[in-house]
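Here the structure is laid out as structure tokens; the discussion comes afterwards.
Here, each number is a calculation from the coordinates, and none is a lab measurement. Note that this is a predicted model, so its numbers are computed, not measured. Don't worry about glycine lacking a Cβ; one is built from the backbone with ideal geometry, like all the others, and counts go over all protein chains shown.
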Amino acid sequence: MNLDNFKSFAREQKKAIIVNLILWLYTRVSSKDQELNLSLQTQKDAAYKYALENGYQIELTFGSTYESASGDFTRKEFMKLISEIRSAKKKPFAILINTISRFSRSGGGGITLAHELVEDLGVHIIEVSTGKNTMTEEGKLEIYQGLLQSRKDNLDRLKITIPGMKKMLENGLSLGRPPRGYSHFGPRVKDHKFYSPVQRIEKNDDAPLIRKAWEMKLQGTSDNLIVIKLRDLGMKVTKQLLSKMWRNPFYCGVNVNALLGDKVVQGIWEPLVTEKEFFMVQEILEGHRYGYKNELSNTRRPLMGFILCDACGGKMSGYEVNKKGLHYYKCQKCADKTINADTTIKSKGAGAHDLFVDFLAKYQLAPEYLEPFKEQLKLTYNCLENETKSDEPILKKELDKLKIDLKNLQRKHALEGLDVELYQEFKSELDVKIKDVSHNLLKSQSIISNLQLHINTACKVSKNISNYWASGDQETKKRIQELVFPEGLILSVKNRVYLTKKVNSVFELVPHVSRLGEGLNENSHENISWLSPSVAGE
């Protein structure tokens, strides 16, 4: 057989001709220090030299910042590069990387992304420092092996750095960004104004408002109202941020971290709340978690979570006997602490609701003592006015800052040619903020301007407080309970009596005024000035 006759059927392997000479460049460093020592510029210079020598053209550059390669999807610039390639109609021939470790240190994750680029998207990877690339099967293998080696190098480095990080934490230092209200000063920071040769965690300008948020939470204020109050004072927060904040021991100077395991360390920073305050908030959160507040399905048991067991101090929950349609309150810890919610013919005594109405009546003002009560309210409202004025410096400071920001924006527009659309957008935002803060400042300065109206309203409520509760809906009942007794009431199930923990200062005046009023005539009010002018704030 003459095999030469079959040569025309042979499948000659033709060498691919590269038509697309466009490259995209990705550079990165893993720390701020590397960015400062011109490592990024060195990577760029090497990449442009490689492109020039090999006839390529660099069209786009990505990265140019410091991002940790231990996680691929957490790098904004890296994922921007991948996303752009996926969506581009005309894709680059390859991505230039100074060393393969700049692409990824995640191991398998990096190989998956590299495989997608090469096999699915037709975009190669070129390592500038060695010339290795994915244009051949051998080259692909070398690149993938390089990605695995980068992962191994990273793990070896962690074996050295993790003990040092744990030691830092055990010494009371912090890792990562501190929570709202604190600033991190140290040798490796993004902003140079926070540079310090040694780490310091210090309170910043947000700290007073964060502290105010904790104080409001301790008074039983809902997260919704706290968000609104902080917004009025110039701080934007979300309910999610507050929820996370209440559970963060950092605010009482305690360091917890996954590297420490179950070990808890005292931090070196100044706490914003005390240990007692922190755990009081945890109790409040526990109440929310078990549905003690605003649970619509328990409209027949408005005192649930509000009354406390006299034996153990725990919040009393409730239940319904479906067959009888009767509701009860009980202590979850003490088996014998159960009381009927409503008074019935067969009940052993008055129900918790009737007992509460009778107890609330003690803080109901008799008509003949209205005048002495009004005089004392003037003192309490004066105290409230002083408390409100304490917000003025914060608002004024925020207003001054916004005006400076607006002035700088106008200067940037006039002298540096800031884009008109961007200028108008930023200016509109600042104008709205300035208007809001100015309004809140004016409101804080005039909140007690109509003093007599506030006094008349307080007198009207005080005269009929028990009736308001008995006839009100679920929300009204809750508000009255928390208004008059902000820390709840202790219930002695055995004796069927309520004991007070704390009474709102306004209502606390009622029994004082009633007793004092017995020795006063209608026109004699000068002797009541000794009564406490403090007010709980509600």
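Structure data summary
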item: Least to most buried among LEU441, LEU60 (fewest other Cβ within 10 Å first); result: LEU60, LEU441
item: Taking PHE73, PHE185, PHE306, PHE93 and counting other C-beta atoms within 10 Å, the order from fewest to most; result: PHE73, PHE185, PHE93, PHE306
item: Shape call, segment 195-288: gyration tensor on alpha carbons, a/c limit 1.5; result: oblate
item: Net charge contributed by nearby residues that have their C-beta within less than 14 Å of LYS463 (K/R +1, D/E -1); result: +1
item: Dipole magnitude (debye, nearest 20) for segment 182-264, charges at Cβ of Lys, Arg, Asp, Glu; result: 120
item: Charge tally in the Cβ shell below 15 Å around LEU355, where Lys, Arg are +1 and Asp, Glu are -1, LEU355 excluded; result: +3
item: Net charge of neighbours whose Cβ lies under 14 Å from the Cβ of TYR423, counting Lys and Arg as +1 and Asp and Glu as -1; result: -3
item: Given LYS212/LYS396; LYS374/LYS463; LYS276/LYS494, the pairs whose alpha carbons are separated by over 23 Å; result: LYS276/LYS494
item: Derived scalar couplings ³J(HN,Hα) [segment 491-506; Karplus, 6.51 cos²θ - 1.76 cosθ + 1.60; whole Hz; x for Gly, Pro]; result: 10, 8, 5, 4, 8, 6, 9, 9, 10, 8, 9, 7, 10, 3, 4, 5
item: Sorted by Cβ neighbour density within 10 Å, fewest at the top, the residues ILE126, ILE111, ILE268, ILE345; result: ILE345, ILE268, ILE111, ILE126
item: For GLY318, residues with placed amide H under 5 Å, excluding near neighbours; result: LYS330
item: Selection from ILE210, THR238, VAL281, by position along the positive dipole direction of segment 195-288 (Cβ); result: THR238
item: Whether segment 22-157 is rounded, prolate or oblate, judged on the alpha carbon gyration tensor where a/c under 1.5 counts as rounded; result: rounded
